[in-house]
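The values are calculated or read from the model by the stated rules, or taken from the named source; none is laboratory data. Here the structure is a predicted model, which means the values were calculated and not measured. Glycine gets a Cβ as well: all are built from the backbone with ideal geometry, and neighbour counts include every protein chain shown. Heavy atoms of the whole protein, side chains included, go into the accessibility calculation; ligands, DNA and RNA do not. Shrake-Rupley method; radii C 1.70, N 1.55, O 1.52, S 1.80 Å.
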Amino acid sequence: MRPGRHQRGGPVQSTQDSVKSSAKVTIADVAREAGVSKGLVSFALNDRPGVAADTRARILQVAEALGWTPSLRARSLSSKRSFALGLVIARDPEVLGSDPFFTSFIAGVETVLAPEGLALVLSVVPDEETELQTYRTLVSDGRVDGVFLSDLRIDDARIQCLADLGLPTVTLGRPDQPSPFPAVSIDDTHGIAESVRHLAGLGHRRIAHVAGSPAMLHGSRRQEAFTSAMRAAGLGDGQIVETDFSIAAGADAARRLLSQPEPPTAIVFANDPMAIAGIGVAQELGIRVPEDVSITGFDDIEFARYVYPALTTVGATPLVWGRAAAATLLGLIRTGGADDVDLPAARLIIRGSASVPAPG
């Protein structure tokens, strides 16, 4: 007879061993072992008042011994919360997949949510109307407790929509309209202005900007910062090519700029993937970087330091942004209020892709 079998004369498993061997320990198991009601166990495990200190300690000790873990479904039903936050992004999935900014931002969010046992619900949608409907569906289905609002737009209709829905929201950046929501912001204009000043200081006079969509606030702000910095340096407005932030659009813009009869000697790109594409296009055309054209980016993605030459870029710290946004949204949900957060301004990181222009 093998030891541990439930046969006459053999050792019998304890109640705790029996419960531990089951697939999932329940509140009923904890109540039975502790000799109290399920309701009292629920109060103790959810840290609610009405449980004597010694009884609460005994219940928690039994729960730990049994290996009890909270059921997200049960927590949701009892608290009327979903224990999830939402991020809805209206971009082409291919464009989104090629831009590591959101990957780093989401990683930052997860460093805050994971220890709290919370989930992130991500939806990628094709247009603004679908995005608005997605928010309505998330609320009607009770799928999220709050959302992050990214890629702010001029006269953004989502602000009023989310306010009407009563959904706790944190905006990534400050809207250009009155908003009831806290904002977590990075001054990205400083980094663009630094890029222009650095290039002008090196002696560049023909500087172009490959920009993002002007319908997005950060795209229009970076364009304005570029123009202002160019004027301050006495270089006029400079040449601007607008894109959708994609690698393909960045490559096309670089090809158009560098194929002109009098091409720019420096190009300021609105993100790193487009800047890296610009380096590739320049080399394809037989144009040396940085000897013939200097290139700068924005975001400081990890790959930026490993291309050749290493990319001079602006460090926007999306991981830090994600952490701050998640902490702010959780605070808003729990207390009903949260202050705006201003993160340190994005700064220029000088590497090998920018140098003095070639003579002549």
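How about segment 324-339: which of its residues are polar (S, T, N, Q) and loosely packed, with under 11 Cβ neighbours inside 10 Å? Let's see the steps before the verdict.
First pass over segment 324-339, keeping only residues polar (S, T, N, Q): 328, 335.
Correct list: Thr335 only.
Which residue pairs have Cβ atoms closer than 8 Å, lie 6 or more positions apart in sequence or on different chains, and pair a first residue in segment 344-360 that is farther than 13 Å from Val289 by Cβ and small (Gly, Ala, Ser) with a second residue that is open to solvent by less than 50 Å² (accessible area, probe 1.4 Å) and assigned to a loop (DSSP other than H, G, I, E, B)?
So the pair list comes out as Ala346/Phe298; Ala346/Ala316.
Quick check: anything in segment 302-321 open to solvent by 10 Å² or more (accessible area, probe 1.4 Å), under 18 Å from Ile350 (Cβ atoms), among the aliphatic types (A, V, I, L, M) and not in a helix (DSSP H, G or I)?
The answer is yes; a qualifying residue exists.
Can you confirm whether segment 232-251 contains a residue that is part of a loop (DSSP other than H, G, I, E, B), modelled with pLDDT under 95, more than 21 Å from Ile301 (Cα to Cα) and open to solvent by 60 Å² or more (accessible area, probe 1.4 Å)?
Yes: segment 232-251 contains one or more residues that are part of a loop (DSSP other than H, G, I, E, B), modelled with pLDDT under 95, more than 21 Å from Ile301 (Cα to Cα) and open to solvent by 60 Å² or more (accessible area, probe 1.4 Å).
Take the conditions in a helix (DSSP H, G or I), hydroxyl-bearing (Ser, Thr, Tyr) and open to solvent by 40 Å² or more (accessible area, probe 1.4 Å) and apply them to Thr134. Does it pass?
Working: in a helix (DSSP H, G or I): yes; hydroxyl-bearing (Ser, Thr, Tyr): yes; open to solvent by 40 Å² or more (accessible area, probe 1.4 Å): no.
No; evaluated as a whole, the condition is false for this residue.
Out of all the residues in segment 143-155, is one or more in contact with a Lys or Arg (Cβ under 7 Å, 6 or more places away or on another chain) and either under 22 Å from Trp321 (Cα atoms) or surrounded by fewer than 21 Cβ atoms within 10 Å (Cβ to Cβ) (or both)?
Yes.
With respect to the numbered conditions (1) in a helix (DSSP H, G or I); (2) at pLDDT below 75, which one is the sole condition not fulfilled by Thr69?
(1)
Say we look at segment 264-294 and pick out the residues that are of a type outside the set (A, V, I, L, M) and part of a helix (DSSP H, G or I); which of these is farthest from Val307 (Cα to Cα)?
Taking segment 264-294 and keeping what is of a type outside the set (A, V, I, L, M), we get 264-265, 269, 271-273, 278, 280, 283-284, 286, 288, 290-292, 294.
So of that shortlist, the ones also part of a helix (DSSP H, G or I) come out as 272-273, 278, 280, 283-284.
Details: Asp272: 11, Pro273: 11, Gly278: 12, Gly280: 10, Gln283: 12, Glu284: 15 Å.
For segment 264-294, the residue satisfying everything is Glu284.
Return the residues of segment 96-119 that are hydrophobic (A, V, I, L, M, F, W, C) and surrounded by fewer than 18 Cβ atoms within 10 Å (Cβ to Cβ); say none if nothing qualifies. It would help to see each step written out before you state the result.
Here is the first cut: in segment 96-119, the ones hydrophobic (A, V, I, L, M, F, W, C) are 96, 101-102, 105-107, 109, 112-114, 118-119.
Correct list: Leu96, Ala107, Ala114, Ala119.
Take the residues of segment 147-180 that are on the phi > 0 side of the Ramachandran plot and of a type outside the set (D, E, K, R): which is farthest from the chain's Cα centre (by Cα)?
As a first pass, look at segment 147-180 and keep what is on the phi > 0 side of the Ramachandran plot: 151, 155, 166, 173.
Then keep just the ones that are of a type outside the set (D, E, K, R); that gives 166, 173.
Details: Gly166: 22, Gly173: 12 Å.
The residue in question is Gly166.
Residues being among the small types (Gly, Ala, Ser) and closer than 25 Å to Arg256 by Cα: count how many of those fall in segment 273-331.
The number of residues fulfilling the criteria is 10.
When the residues of segment 29-68 are narrowed to those that are open to solvent by 30 Å² or more (accessible area, probe 1.4 Å) and of a type in the set (Asp, Glu), which ends up nearest to the chain's Cα centre (by Cα)?
Asp47
What number of residues within segment 252-264 satisfy the criterion of being within 28 Å of the chain's Cα centre (by Cα), touching a residue at least 24 places away in the same chain (Cβ under 8 Å) and either within 18 Å of Phe101 (Cβ to Cβ) or surrounded by fewer than 20 Cβ atoms within 10 Å (Cβ to Cβ) (or both)?
Final tally of qualifying residues: 0.
If a residue must be open to solvent by less than 30 Å² (accessible area, probe 1.4 Å), touching a Lys or Arg at 6+ places or on another chain (Cβ under 8 Å), free of Cβ contacts under 8 Å to residues at least 60 places away in the same chain and not in a loop (DSSP other than H, G, I, E, B), how many such residues does segment 167-214 contain?
Counting residues in segment 167-214 that are open to solvent by less than 30 Å² (accessible area, probe 1.4 Å), touching a Lys or Arg at 6+ places or on another chain (Cβ under 8 Å), free of Cβ contacts under 8 Å to residues at least 60 places away in the same chain and not in a loop (DSSP other than H, G, I, E, B) gives 1.
Mind checking which residues of segment 215-231 are surrounded by fewer than 17 Cβ atoms within 10 Å (Cβ to Cβ) and outside any helix (DSSP H, G or I)? Please lay out each step first, then the result.
Pass one, segment 215-231, residues surrounded by fewer than 17 Cβ atoms within 10 Å (Cβ to Cβ): 215, 224, 228, 231.
Passing the criteria: only Ala215.
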